[in-house]
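As structure tokens, the structure follows; a few thoughts come after it.
The values are calculated or read from the model by the stated rules, or taken from the named source; none is laboratory data. Computed from a prediction, not measured in an experiment: that's the story for all the values here. In this analysis, Cβ positions are derived from the backbone assuming ideal geometry, glycine residues included, and neighbour counts consider all displayed protein chains. SASA here: full protein model, heavy atoms, side chains in, ligands and nucleic acids out. Shrake-Rupley method; radii C 1.70, N 1.55, O 1.52, S 1.80 Å.
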Amino acid sequence: MFLRLAEQHRQFVQDLVMNLQALAIVLERRGYPASCYTCGGQMNSASFMVSLADNHLIRFLVSDYGITWTEMRDDRELMKLEGAEAISQLQDLANLVKYSIPPCESPMAVVKRV
């Protein structure tokens, strides 16, 4: 049972990394500065970043150790989520692409300063 769960987890992380790479490409084409870096050819971890506006950065990290979403503005951390909550927030970002919202009209770009 545990070997099967470990393999499912590896497959999940690989799928997530592939989707992050695709999202970074699409965001770049839509005018958002974005990148997705992986370590090695195994696709078992990734660092995804996108800038939604001046000094507004989203960083999404995935690895065997966990999944985190960090949102920063003016070099200050606004929000940090992990696991399923982080993936849900990633879906909101993907909806920007799906519904073709320009960077300046992004609801994420209008986060109030703390």
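For this structure, a couple of remarks:
- Under the condition of being touching a strand residue (DSSP E or B) at 6+ places or on another chain (Cβ under 6 Å) and more than 20 Å from residue 9 (Cβ to Cβ), the residues counted in the stretch 78-94 number 4.
- Just so you know, in the stretch 43-57 the residues that are farther than 16 Å from residue 95 by Cα, part of a strand (DSSP E or B) and open to solvent by less than 30 Å² (accessible area, probe 1.4 Å) include one that is modelled with the lowest pLDDT, and it is 56.
- Boolean, residue 21 is within 23 Å of residue 7 (Cβ to Cβ) and either modelled with pLDDT of 90 or more or not in a strand (DSSP E or B) (or both): yes
- Checking each residue in the stretch 58-73 for being modelled with pLDDT under 95 and touching a Phe, Trp or Tyr at 6+ places or on another chain (Cβ under 9 Å) picks out no residue at all.
- Among residues of the stretch 1-42 being aliphatic (A, V, I, L, M) and open to solvent by 40 Å² or more (accessible area, probe 1.4 Å), the one that is farthest from residue 94 (Cα to Cα) is 1.
- Within the stretch 19-33, the set of residues being β-branched (Val, Ile, Thr) and touching a residue at least 12 places away in the same chain (Cβ under 8 Å) comprises 26 only.
- Which numbered condition residue 26 misses (of (1) touching a strand residue (DSSP E or B) at 6+ places or on another chain (Cβ under 6 Å); (2) under 19 Å from residue 96 (Cα atoms); (3) aliphatic (A, V, I, L, M)): (1)
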